[in-house]
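Structure record follows, encoded as structure tokens.
The values are calculated or read from the model by the stated rules, or taken from the named source; none is laboratory data. Keep in mind that this is a model prediction, so the values were computed, not measured. With ideal geometry, Cβ positions are generated from the backbone for all residues, glycine too; neighbour counts draw on all protein chains shown. SASA here: full protein model, heavy atoms, side chains in, ligands and nucleic acids out. Shrake-Rupley method; radii C 1.70, N 1.55, O 1.52, S 1.80 Å.
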Amino acid sequence: MNMNDGQLNELLSKVKANNISWDTTNIPVEWRQSKQKFTDDFKNLRKFCQVMEKMGATRMNTWIISSHNSLSYNENMKQTASRLAECARVMEDHGIRLGLEYLGMRTLLNQFRYPFISSMKECKELISNTGQTNVGMVLDSFHWYCADDKIEDIRSLKPDEITHVDFNDARTGFTRLAQEDGKRELPMATGVINAKDFLQGLLDIGFDGPLRTEPFNQVLNDMEDSAAVKLNMDALKKALATVGL
């Protein structure tokens, strides 16, 4: 984020004029690779957080790859929790929360030699191991479904344990175990994922944070922006209506 004060003020004016609020952004630190790469990226994190604070943006996120070629589960847990805790401490100084997204696809769980986090329960354990109160969970309906998590699992959460929600449907013609990442549908497009249960769980715990679609869908990508936005909004409204919203 290389913005001078004038550019930042101009952006904030546009945000206010259009009644826009901030969602979340990816953490600008590659924490999964070598220690040197992590250290190099980490040096720039505070500056990034300072700009976010000026913007009034309060959320970052990252995803947890659910298998590894060289680290065992315990080794991966220790390294991941330690590095993300370092990042979260810097974020905390600037009022920023970090959301961790577990990936539920069984196809990814078995992609590399050692399985890692792939369910809500395991993600909660990772969050606890960071020791940071500003670390929460990115809850994605696609991964919730692939992990075979249920509405009861959502109800086990407190609303502030979720930083934001990704809301999608899954493809037909594939079992839950065979679903692949990067290939999804808009909410309620297929009915493979129980959108009503997912939303009801969030409603029951009083979640009031950001919710967005993340369909990874080529048909949408090929559309003009305005048409794609309308299709997204129509899908969200249809899904929210199932729980009376």
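When region 150-160 is examined, which residues are found to be crowded, with 17+ Cβ neighbours inside 10 Å and under 16 Å from the mean Cα position of the chain (by Cα)?
Selection gives Ile154, Leu157.
Quick one: is Met120 within 14 Å of the chain's Cα centre (by Cα), within 27 Å of Ile193 (Cβ to Cβ) and surrounded by 15 or more Cβ atoms within 10 Å (Cβ to Cβ)?
Yes, satisfied.
Can you tell me which residue is most open to solvent (accessible area, probe 1.4 Å) among those in region 28-46 that are out of contact with any Leu (no Cβ under 7 Å at 6 or more places or on another chain) and in a loop (DSSP other than H, G, I, E, B)?
Only one residue tops the list, namely Lys43.
Considering only residues that are without any contact (Cβ under 8 Å) to a residue 60 or more places away in the chain and assigned to a loop (DSSP other than H, G, I, E, B), look in region 167-181 and name the one that is surrounded by the most Cβ atoms within 10 Å (Cβ to Cβ).
Going residue by residue through region 167-181, those that are without any contact (Cβ under 8 Å) to a residue 60 or more places away in the chain are 168-175.
Imposing the further condition that a residue be assigned to a loop (DSSP other than H, G, I, E, B) reduces the set to 168, 170-175.
On the way: Asn168: 27, Ala170: 22, Arg171: 16, Thr172: 10, Gly173: 7, Phe174: 13, Thr175: 9.
Step by step, filter region 167-181, then rank; the result is Asn168.
State whether the residues of region 130-141 include one that is in contact (Cβ under 8 Å) with a residue 24 or more places away in the chain, surrounded by 15 or more Cβ atoms within 10 Å (Cβ to Cβ), out of contact with any Phe, Trp or Tyr (no Cβ under 8 Å at 6 or more places or on another chain) and assigned to a helix (DSSP H, G or I).
Checked against the condition, which is being in contact (Cβ under 8 Å) with a residue 24 or more places away in the chain, surrounded by 15 or more Cβ atoms within 10 Å (Cβ to Cβ), out of contact with any Phe, Trp or Tyr (no Cβ under 8 Å at 6 or more places or on another chain) and assigned to a helix (DSSP H, G or I), region 130-141 yields at least one hit.
Any chance you could count how many residues in region 82-116 are more than 19 Å from Glu152 (Cα to Cα) and either touching a strand residue (DSSP E or B) at 6+ places or on another chain (Cβ under 8 Å) or among the hydrophobic types (A, V, I, L, M, F, W, C) (or both)?
21
List the residue pairs whose Cβ atoms are under 8 Å apart, where the first residue sits in region 1-28 and is more than 25 Å from Ala88 (Cα to Cα), the second is open to solvent by 90 Å² or more (accessible area, probe 1.4 Å) and assigned to a helix (DSSP H, G or I), and the two are 6 or more positions apart or on different chains.
Qualifying pairs under 8 Å: Ile20/Lys14.
Out of all the residues in region 47-65, is one or more among the aromatic types (Phe, Trp, Tyr), assigned to a helix (DSSP H, G or I), under 28 Å from Asp140 (Cβ atoms) and in contact (Cβ under 8 Å) with a residue 40 or more places away in the chain? Outline the logic, then answer.
Within region 47-65, the subset among the aromatic types (Phe, Trp, Tyr) is 48, 63.
Filter once more, keeping what is assigned to a helix (DSSP H, G or I): 48.
Applying the additional criterion that residues be under 28 Å from Asp140 (Cβ atoms) yields 48.
Checking the rest, the ones that are also in contact (Cβ under 8 Å) with a residue 40 or more places away in the chain come to 48.
For region 47-65, residues among the aromatic types (Phe, Trp, Tyr), assigned to a helix (DSSP H, G or I), under 28 Å from Asp140 (Cβ atoms) and in contact (Cβ under 8 Å) with a residue 40 or more places away in the chain: present.
Output the number of residues of region 96-108 satisfying the condition of being free of Cβ contacts under 8 Å to residues at least 60 places away in the same chain and within 21 Å of His68 (Cβ to Cβ).
Total meeting the criteria: 3.
Return the residues of region 90-138 that are among the hydrophobic types (A, V, I, L, M, F, W, C) and over 22 Å from Val29 (Cβ atoms); say none if nothing qualifies.
Hits for region 90-138 are Met105, Leu109, Met120.
List every residue pair whose Cβ atoms sit under 7 Å apart, with the two residues 6 or more apart in sequence or on different chains, where the first one lies in region 67-95 and is closer than 18 Å to Leu108 by Cα and at pLDDT 95 or above and the second, anywhere, is in a helix (DSSP H, G or I) and not aliphatic (A, V, I, L, M).
Correct list of pairs: His68/Asn76; Leu71/Gln79; Met77/Asn129.
Could you check how many residues of region 48-66 are of a type in the set (Lys, Arg) and either touching a Gly at 6+ places or on another chain (Cβ under 6 Å) or modelled with pLDDT of 95 or more (or both)?
Of the residues in region 48-66, 1 are of a type in the set (Lys, Arg) and either touching a Gly at 6+ places or on another chain (Cβ under 6 Å) or modelled with pLDDT of 95 or more (or both).
How about region 182-245: which helices (runs of 4 or more DSSP H) wholly inside it have at least 1 residues that are touching a helix residue (DSSP H, G or I) at 6+ places or on another chain (Cβ under 7 Å), open to solvent by less than 40 Å² (accessible area, probe 1.4 Å) and of a type in the set (Gly, Ala, Ser)?
195-205, 225-241
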